[in-house]
Structure formats: structure tokens, C-alpha cells
Amino acid sequence: MAAKRVLLKLSGESLSDGSSSISANSLLRTVNEIKSAVTCSRVQLAVVIGAGNIWRGACKFIERVTADKMGMLVTVMNSLALSDALAKAGMKSNLFSANGVSGFAENFNREKVIRCIEQGNTTVIFAGGTGNPFFTTDTTAALRAAEIKADMLLKATQVDGVYSADPKKNKDAVKFNSLTFKEALDKHLKIMDYEAFSLCMQTNISITVFDFYKDGNLKKVLNGEKVGTIVEA
């Protein structure tokens with residue numbers, strides 16, 4: 001069954017081509033995937049995007065708290081790029097940030113966010129992480145998904161699902177089409193960071209891990225087709 005309200009977790013690399021932090025071609029492809037999927041499925045969509053294309057927060061000469069704050073700012077930059085590209089593609093979006101960045105994004109307000117989502121014709125983008133250091137954008141995605149009462153969290157990756165081992169390093173790795181939260185924990189599978197995974201488990205939000213870089217996969221997932229790996233209660 002197709003989900004009605006979904007949170008899509010994108011990596012910062014979805015905007016990059018490897019040679020430039022934000023590539024016009026990569027940004028356009030990401031927008032086209034979102035537009036095609038939303039137009040066909042009529043799903044209520046929210047997006048969280050990471051900062052890995054510009055900043056990963058790991059720096060020996062900058063303190064962790066400061067480094068994480070820099071990463072939060074990068075998510076604002078990436079979200080602005082995505083919002084602008086969506087507008088150019090004829091799509092409406094609303095950008096909310098966990099931290100006050102007046103003139104760039106609205107402060108996160110759960111009630112206003114839900115009103116925007118329920119309009120059904122806008123993509124909501126969450127920037128600024130959780131607003132606190134020491135939390136990843138995976139955790140941001142899980143937190144926002146819980147706050148907006150999403151049916152599903154989609155983790156967009158470069159692999160076609162969850163495997164028993166790294167398929168790039170182990171040719172005997174086995175792909176799982178579906179898992180329960182307990183099975184994933186028992187098998188020690190790295191799906192999201194622990195805080196994010198735990199929050200999804202507590203709030204009963206299913207997680208679908210899929211290959212975002214295969215054209216049309218996002219549309220298939222939103223239409224309820226079996227793509228990637230689904231983790232649920």
C-alpha cells in the first residue's frame with residue numbers, strides 16, 4: 001500500500017557530481033525525480049537533506065560542537081538550492097529551519113508545517129538539523145517524520161537495499177527485501193544511526209532503504225511498489 005505522508009532523507013551527495021559541491025545536473029536530476037514521483041503519487045512529501053557534499057563535521061582542529069553547527073548551516077545552503085530548483089521546475093516548496101536564519105528560512109513550527117503539508121501541493125523542506133550538535137541528519141529525518149506523523153521514512157542511498165554485509169566488499173552479501181525492527185537489531189544491520197532507528201521503531205514509522213540513483217525508483221516507492229528494503233514493526 002502506498003504511503004500518504006512521507007519523509008525523504010537525501011544525502012548532500014544527491015546534489016553533487018563529485019567534482020563540484022552542487023552540480024546543476026545532479027540538482028536537476030534530484031528535482032526531476034521528486035517532481036515525477038509527487039505528481040504521479042499525490043503523496044504529501046517532506047525532505048531532509050544532509051551536508052556531506054560540502055561538510056561532514058569531522059575536523060581535527062575545529063571543536064565538535066562548532067563543526068556540527070557548520071554542518072547545520074550547510075544543510076540550509078543545500079535546502080535553499082533544492083527549494084530554488086523546485087520553484088524553477090514549477091513546484092511549490094516551504095523551507096523551515098530548526099535554527100533562526102531570518103531571511104533564509106522560516107523557523108520550524110510544527111503546526112504550520114502540518115498545515116503546509118495538508119495542502120497537498122507543496123514540498124516541505126527541513127533544514128538546520130535538529131538545532132543541536134551531536135545529532136546526524138538521519139536523526140533529524142526520524143524526528144521530523146515523527147513530528148509530522150509520517151507513514152514512512154525513505155532513506156535514499158546508492159545501494160538497492162539492506163544487505164547482510166557490504167555488497168561492494170563481499171560478493172556473498174545477501175539482500176533483504178523486508179525486515180522487522182527486531183530482526184534488523186538482532187542481525188546488527190547498519191540502517192540508520194541508533195537514535196534515528198530507535199525513534200522510528202518507537203513511533204512505528206517504517207523505513208525504506210532504496211537506490212535513489214536509479215531513475216524512477218522514488219516514484220515506484222511512493223506508488224507502493226516493492227523497491228529496496230522495507231523495515232517495519
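Derivation of every value follows stated rules applied to the coordinates shown; laboratory data play no part. Predicted, not measured: the structure shown is a model, and the values here were computed from it. Methodologically, a virtual Cβ is constructed for each residue, glycine included, from the backbone with ideal geometry; neighbour enumeration extends over all protein chains shown.
Excluding same-chain neighbours fewer than eight residues apart, the lysines reachable from residue 175 by a Cα-Cα span under 19 Å are 155, 187, 190, 214, 220, 226.
Once the chain from residue 59 to residue 233 is taken as fully extended at 0.36 nm per residue, the excess over their C-alpha distance is 58.9 nm.
Distance between the 7 Å Cα→Cβ label points at residue 87 and residue 198: 4.0 nm. Which of rounded, prolate, oblate describes the range 151-233, given a ≥ b ≥ c as roots of the alpha-carbon gyration tensor eigenvalues and a/c under 1.5 marking rounded, otherwise prolate only if a/b is larger than b/c? Oblate is the answer for the range 151-233, as a/c is 1.5 or above yet b/c matches or exceeds a/b. GNM, the chain, Cα, under 10 Å: largest mean-square fluctuation among 204, 109, 121? Highest fluctuation among the options: 109.
If the chain between residue 24 and residue 118 were fully stretched, how many nm would it gain, using 0.36 nm times the residue separation less the Cα-Cα distance? Could you put the intermediate results ahead of the total?
Values: separation 94, 0.36 × 94 = 33.84 nm, distance 3.03 nm.
Contour length minus Cα-Cα distance gives 30.8 nm.
Rounded, prolate or oblate: pick one for the range 5-232, where a ≥ b ≥ c are the square roots of the eigenvalues of its C-alpha gyration tensor, a/c under 1.5 means rounded, and failing that, prolate if a/b is larger than b/c, else oblate. Taking the square roots of the gyration eigenvalues as a ≥ b ≥ c, the range 5-232 is rounded. Phi angles across the range 89-99 convert, under the Karplus curve 6.51 cos²θ - 1.76 cosθ + 1.60 with θ = phi - 60°, into 3J(HN,Hα) values of 8, x, 10, 8, 9, 10, 10, 10, 10, 5, 10 Hz, Gly and Pro given as x.
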